[in-house]
1. Note down all Cβ pairs under 7 Å where the first residue falls in region 18-34 and is on the phi < 0 side of the Ramachandran plot and assigned to a helix (DSSP H, G or I), the second is surrounded by 10 or more Cβ atoms within 10 Å (Cβ to Cβ) and modelled with pLDDT of 95 or more, and they're at least six residues apart or on different chains.
2. Starting from region 47-60, take each residue that is under 12 Å from residue 34 (Cβ atoms) and list its partners that are surrounded by fewer than 18 Cβ atoms within 10 Å (Cβ to Cβ) and modelled with pLDDT under 90, counting only C-beta distances under 6 angstrom and pairs at least six apart or across chains.
3. Working carefully through the options 27, 22, 75, 34, find the one that is modelled with pLDDT of 90 or more, surrounded by 10 or more Cβ atoms within 10 Å (Cβ to Cβ) and touching a helix residue (DSSP H, G or I) at 6+ places or on another chain (Cβ under 8 Å).
């Protein structure tokens with residue numbers, strides 16, 4: 001049996017609300033961690049910070065960003081390189 005479009009719209013609205021709340025929780029969690037790590041004190045453009053965070057996310061997903069040149073890189077390592085304000089130079093800054 002097919003659902004009427006009004007019921008589908010209500011489900012979509014409910015899911016969008018759930019997504020908004022989930023994103024808010026995630027943003028607050030990441031924000032708290034970033035502040036504890038001292039990122040709030042850095043004088044860095046938003047675009048540079050985003051590029052550095054994207055590199056870090058890639059590293060944690062198993063990519064090669066942030067590799068030390070050692071066999072195996074940093075993936076699976078307990079060592080975390082420091083994030084410096086100039087780490088993302090050449091990213092083009094803010095869009």
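1. none
2. 52/87
3. 34
The values are calculated or read from the model by the stated rules, or taken from the named source; none is laboratory data. The shown structure was predicted, so the numbers you read here are calculated from the model rather than taken from an experiment. Positions of Cβ are backbone-derived with ideal geometry, glycine not excepted, and every protein chain shown enters the neighbour counts.
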